[in-house]
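Novice: Before I ask anything, let me first share the structure, which is written out below as structure tokens.
The values are calculated or read from the model by the stated rules, or taken from the named source; none is laboratory data. This structure is a prediction, so every number in the text was calculated from the model and none was measured. Note that we place each Cβ from the backbone using ideal geometry, even for glycine, and neighbour counts take in every protein chain shown.
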Amino acid sequence: MPRFAANLSMLFTEAPFVERFDRAAAAGFRAVEFLFPYEEDVGAVGAALRRNGLELVLFNLPAGDFAAGDRGLASDPSRRAVFRDGVARALAIATELRPGRLNCLAGKAVPGIGLMDQWSTLIENVRFAAEEAENAGIKLLVEPLNAFDAPGYLLATTDQALRLIAEVDHPNLALQFDVYHAQRGEGNVTQTIRREIARIGHVQIADSPDRGQPGTGEINMPFVLGALDAAGYDGWVSLEYRPIGGTEASLGWLKDWGYWTG
């Protein structure tokens, strides 16, 4: 049976950020994740985790100016120092918040710089981050983002992310498998799960194509979640969707489909 976590950058956005932890716990979650802690009151976040008995599953390394379109820094040769400073910043916050995983976004192709130079920079930076995270007892992940939502992103498919993992060749590196991005960008979701389960370190879900809750789009989510169970996945499945009809109302599928009782 899947264990579900709430992504608080997407869910419970009806409330201020720190209050979302209380809302998530009241709704029945025992674990949460979010995109970025860097503009938040880390002490207040830690207190919210503790008072609700919530496990923090994951947050992202600094990814540049996300609102302006950045999707990571790891592949940009001109921002090596910025990326590595970001790793140190993330790990300092992780000392207090204790996430199990950190996610590294690769970045978009940089005009005027050869793709081979960007790829080699990505390998070097991800290897560095994987080593630093291992020293802190945290798993590092890399995530493909589909080309519709993130045009120009260097890891647009699972195969590209797996190639990076193979070339980095570090035991502390795994794949963040987002079912929404996989369906939008390539399909064959359950085949990929069966084939690559040993390299999947975390799973996120949303329906496609509108990124709403399960049951609002084209993905047969019980079939996908069943494939994860059958493959032996025992990690968290994070809900990273845009709620249709309000967050609490959007959670009805968890009970309707028998994942939550009570």
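Novice: Exactly one condition in (1) touching a strand residue (DSSP E or B) at 6+ places or on another chain (Cβ under 7 Å); (2) in a loop (DSSP other than H, G, I, E, B); (3) free of Cβ contacts under 8 Å to residues at least 40 places away in the same chain; (4) not aromatic (Phe, Trp, Tyr) is not met by Gly245; state its number.
Specialist: Condition not satisfied by Gly245: (1).
Novice: If you go through the stretch 148-172 one residue at a time, how many are out of contact with any strand residue (DSSP E or B) (no Cβ under 7 Å at 6 or more places or on another chain) and surrounded by fewer than 20 Cβ atoms within 10 Å (Cβ to Cβ)?
Specialist: 12
Novice: Could you check the stretch 248-262 and list, in sequence order, the residues that are surrounded by 13 or more Cβ atoms within 10 Å (Cβ to Cβ) and outside any loop (DSSP other than H, G, I, E, B)?
Specialist: Of everything in the stretch 248-262, those that are surrounded by 13 or more Cβ atoms within 10 Å (Cβ to Cβ) and outside any loop (DSSP other than H, G, I, E, B) turn out to be Glu248, Ser250, Gly252, Trp253, Leu254.
Novice: Continuing with this model, one more query. State the number of residues belonging to the stretch 173-202 that are buried (at least 19 other Cβ atoms within 10 Å of the Cβ) and either in contact (Cβ under 8 Å) with a residue 40 or more places away in the chain or within 16 Å of Leu140 (Cβ to Cβ) (or both).
Specialist: Here the count works out to 13.
Matching residues to (1) among the polar types (S, T, N, Q); (2) out of contact with any strand residue (DSSP E or B) (no Cβ under 6 Å at 6 or more places or on another chain); (3) surrounded by fewer than 20 Cβ atoms within 10 Å (Cβ to Cβ); (4) not in a strand (DSSP E or B):
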{"site": "Met1", "(1), (2), (3), (4)": "no, yes, yes, yes"}
{"site": "Ala24", "(1), (2), (3), (4)": "no, no, no, yes"}
{"site": "Val32", "(1), (2), (3), (4)": "no, no, no, no"}
{"site": "Tyr38", "(1), (2), (3), (4)": "no, yes, yes, yes"}
{"site": "Gly43", "(1), (2), (3), (4)": "no, yes, yes, yes"}
{"site": "Arg51", "(1), (2), (3), (4)": "no, yes, yes, yes"}
{"site": "Asp70", "(1), (2), (3), (4)": "no, yes, yes, yes"}
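Novice: A further question on this structure: Which residue, of Arg211, Arg195, is at pLDDT 95 or above and within 17 Å of the chain's Cα centre (by Cα)?
Specialist: Arg211
Novice: Residues that are hydroxyl-bearing (Ser, Thr, Tyr), closer than 30 Å to Arg163 by Cβ and either in a helix (DSSP H, G or I) or touching a residue at least 12 places away in the same chain (Cβ under 8 Å) (or both): does the stretch 95-102 have at least one?
Specialist: No, because not a single residue in the stretch 95-102 is hydroxyl-bearing (Ser, Thr, Tyr), closer than 30 Å to Arg163 by Cβ and either in a helix (DSSP H, G or I) or touching a residue at least 12 places away in the same chain (Cβ under 8 Å) (or both).
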